[in-house]
Amino acid sequence: MSRFFGSRSALFATVAVLSVGAGVAQAHPTVVSQPWGSTPDGKPVRIVTLKNDLGTTARIITYGGIIQSVETPDREGHVQDVVLGFDNLKGYTVDSAKGGLFFGAIIGRYANRLAGGNFPVEGKIYHTDVTAPPNALHGGKKGFDKNVWTIEKTGTNANGAYLTLKLVSPNGDQGFPGKLTTHVTYTLGTDNALSLHYVATTDAPTVLNLTNHSYWNLNGEGSGSIEPEILQINADGFTPTDATSIPTGQIAPVAGTPLDFSKPTIIGDRLRSNDQQMMYARGYDMNWVVNGAYGQAPRLAGKVYDPRSGRSMEILTNQPGLQVYTSNSLDGGYAGVSGHAYRQGDAIAFEAEHYPDSPNHPSFPTTELKPGQTFDYTTIFKFSNK
């Protein structure tokens, strides 16, 4: 397995881990797969429920590899769903799809933006559809979030209950070169950890940037604003953008800006800042440059704490960047599992990934993937409830 970072080859790893509470006891994991309707074009979709004996349940649907819900206890032991989502397939395939909000989905082939939808691969310019004019956002008109993935295997082992999904993206899919094969394994561990492990290979040079787009609210899905939550981000710099959210190519210090979360800070304190970067995004929607070496062991990227429920979540990753998004486009047009409408600021997304528009910025960490290399990206979401 080769490695490819910068001018060297690299191995990325994507594992998302959710760990709830401090106690670890013997658990008996289970996996249940059930039908969950069909897409508008008739493709059957299934929902897979991973459970253990420690109060954690995770549900994943084969459409988009979407994390439909994650239930976990608060400081009093009360179990709530902490992921925004819908209780029926239409909520994902029709309703929310119109707004391009990517609830809980796997994002690919290229997470975040590409300027004008254009990107170079070994000197040749390729194009994917513009979906957030004037740029491409999250992989074209039919990205990984709008595909039905194949269940490759399910089961239990010493680590817990697991599900592996597979998607083969053909050469030219959404304009991207190379046949790309992606596997994502979700494991709900006996230690109350939910892991997502992404592995991808290609038969021709291409670019790749995968992430998960879950919207988190540690006080519970549909409970209102995340403004009272306290956020810390382990980053001294960020990548400033123009008015269309395309990076300028600079890495600027967060010090003295509303993006400085080097110390725990209430999210709502500066959410309405008139800083130009904040005005462009209508809140937080920026890429922080995570401190420490990337491509090695996951290091702490951030932590969010909800004083109402007592739940906290640490984000660790071996990716170079962390896009933090305060759900600025939620407009009350979608009602979730709770029956409550989702509005701006009702959730926060942590998209550990490479920088936006990286193929067009040679100084940024490379997102090129070549035959013989393996994309294997690691991100960890660790929960506690003290």
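Points worth noting:
- Spin-label model, Asp242 to Thr181: label points 7 Å out along the Cα-to-beta-carbon direction sit 4.0 nm apart.
- Hz values of 3J(HN,Hα) by residue in the stretch 115-122 - Karplus curve (6.51, -1.76, 1.60), Gly and Pro given as x: 4, x, x, 9, 7, x, 9, 6
- Residue of Asp331, Asp81, Asp191 that the Gaussian network model of the chain assigns the largest fluctuation, springs spanning Cα pairs under 10 Å: Asp331
- With θ taken as phi - 60° and the Karplus curve 6.51 cos²θ - 1.76 cosθ + 1.60 applied, the whole-hertz 3J(HN,Hα) list for the stretch 80-94 is 9, 6, 10, 10, 5, x, 10, 9, 8, 5, 4, x, 8, 7, 10 Hz, x standing for glycine and proline.
- Listed residue (Gly295, Pro133, Gln323) projecting farthest to the positive dipole end of the chain, Cβ model: Gly295
- Amide H contacts under 5 Å for Ile266: Leu231, restricted to partners 5 or more places along the chain or on a different chain, H placed in the peptide plane at 1.01 Å from N.
- Among Tyr334, Tyr305, Tyr110, residue whose mean-square fluctuation peaks in a GNM of the chain (springs only between Cα atoms under 10 Å): Tyr334
- Long-range HN-HN contacts of Arg311 with modeled amide H, under 5 Å: Arg75, Asp306
- Residues within the reach of a label modelled at Asn157 (point 7 angstrom out along Cα to beta-carbon, backbone nitrogen below 16 Å), restricted to the stretch 198-238, are 198-199.
- Less than 5 angstrom separates the built amide H of Thr379 from those of Val15, Ala16, all sequence-distant by 5 or more or on a different chain.
- Calculated from backbone phi, Karplus (6.51, -1.76, 1.60) coupling profile of the stretch 211-219 in Hz, x at Gly/Pro: 7, 10, 10, 6, 9, 9, 9, 5, 8
- Per-pair calculated FRET efficiency, R0 = 25 Å: Arg343 and Ser262 via Cβ, rounded to 0.05: 0.30
- Split the chain at each of the GluC sites (Glu not before Pro) in a DSSP loop with at most 16 other beta carbon atoms within 10 Å, and the longest piece is 123-386.
- Pairs from the list Lys43/Lys90; Lys166/Lys370; Lys142/Lys166; Lys51/Lys141 with a Cα-Cα gap above 24 Å: Lys51/Lys141.
Read the figures in this text as sums done on the coordinates, not as results from a lab. Everything numeric here is computed off the predicted structure, so don't read it as measured data. We place every Cβ from the backbone using ideal geometry, glycine too, and count neighbours over all the protein chains shown.
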